[in-house]
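In what follows, a structure is listed as C-alpha cells, so that the remarks can point back to it.
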Amino acid sequence: MSFGVTLSLTVAKKRSSKDQAVQMTKIDVTLKERDLIRREFVRSFGSVRSIQDGILVRRWATGPHKGKPKPVAAVQSMLDRELLVMQDDGIYWLTARFTAKGIAALQSMASDRRSLPPGDYPELLQELEELSKS
C-alpha cells in the first residue's frame, strides 16, 4: 500500500516539474519589450551584441537621483517581471542581464518568425539555439 503512495507522489512531482517547464516557455514579451530587444540585438556597424552582454542602462547624471539607474520603461518592466537582473560593473553604464526566465522569454519570442526574422537576427537566433541545447 505504501508503494502506491510513493508512486503517486513521484508522478505528482514529475507532473509539477513538467508544468513548471511549460510555464517557463509561455512567458509573453510586450510590444515595447520586443522593440527594445530588436534594437539592442540587431546588427549595427558590422557588429552584433551577445545575449550575455545584456542591455545597457544609463544612470542619472545630475539631480537628486545622481548615480542611480535610469532604465527605460521596457527595461523596468522586464526587471519587475524578473526577466532581467541589474548588474553594476562600476562603470557609467549599468548592465541588465537576462535571467533564466528572461532567456525562456527570448526563446519563446524566437519561436515566432515575425518577432525575430531569421534574416535580420541570425546570430541571436543561433545563440538562443545553443543556449537551449545546454
Practice item. Assign unit charges at the C-beta atoms only (+1 for Lys and Arg, -1 for Asp and Glu), then state the dipole size of region 28-133 relative to its Cα centre in Debye, rounded to the nearest 20. Key: 420 debye
Exercise for review: Count neighbours as other Cβ atoms within 10 Å of each site's Cβ, and list the chymotrypsin sites (Phe, Trp or Tyr not before Pro) in region 30-134 that are DSSP loop with at most 15 such neighbours.
Suggested key: Phe45, Trp60, Tyr92, Trp93
Check your understanding: When the chain is fully extended, how far beyond the present Cα-Cα distance does Ala73 get from Thr30, taking 0.36 nm per residue of separation?
Key -> 14.4 nm
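We did not get these values from a lab; they are worked out from the coordinates using the rules stated. Note that this is a predicted model, so its numbers are computed, not measured. Methodologically, a virtual Cβ is constructed for each residue, glycine included, from the backbone with ideal geometry; neighbour enumeration extends over all protein chains shown.
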